[in-house]
Amino acid sequence: MGFHIAPFNTVEHLHLHVQGVPYASLRRAAKYFIASGYGFYTKGFSWFVELDQAIDILGRGKAINIMPC
């Protein structure tokens, strides 16, 4: 479960995605790549953030973006 990060947001409201993995399509796998964090960062460089990653990042008062956060 997770959220798109621009430019892959397709609608202008927050909505949760439930994904079935592994993906059969390479395009979809690249679009929804989940980058685990490292060190201080909860999330690595990616266009998609998992629900638990989002909760942790927002709980620390940080913003969710493409870059590691």
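The values are calculated or read from the model by the stated rules, or taken from the named source; none is laboratory data. Keep in mind it's a predicted model, so treat the numbers as computed, not measured. Because the Cβ atoms are built from the backbone with ideal geometry, glycine has one as well, and the counts that use them run over all protein chains shown. SASA here: full protein model, heavy atoms, side chains in, ligands and nucleic acids out. Shrake-Rupley method; radii C 1.70, N 1.55, O 1.52, S 1.80 Å.
Across the stretch 25-51, the qualifying residues are those that are modelled with pLDDT under 85 and charged (D, E, K, R), and the one among them that is farthest from Gly61 (Cα to Cα) is Arg28.
The set of residues in the stretch 12-69 that are touching a Cys at 6+ places or on another chain (Cβ under 7 Å) and not in a loop (DSSP other than H, G, I, E, B) comprises Lys43, Ile57.
Filtered by the rule that a residue be open to solvent by 60 Å² or more (accessible area, probe 1.4 Å) and aromatic (Phe, Trp, Tyr), the stretch 3-53 gives Phe8, Phe33, Tyr38, Phe40, Tyr41, Phe45, Trp47. Pairs are defined by a Cβ separation below 9 Å, a sequence spacing of at least 6 or placement on different chains, a first member in the stretch 15-34 that is under 17 Å from Phe3 (Cα atoms), and a second member that is loosely packed, with under 10 Cβ neighbours inside 10 Å and among the aliphatic types (A, V, I, L, M); the pairs so defined are Ala29/Val21; Tyr32/Val21; Ile34/Val21.
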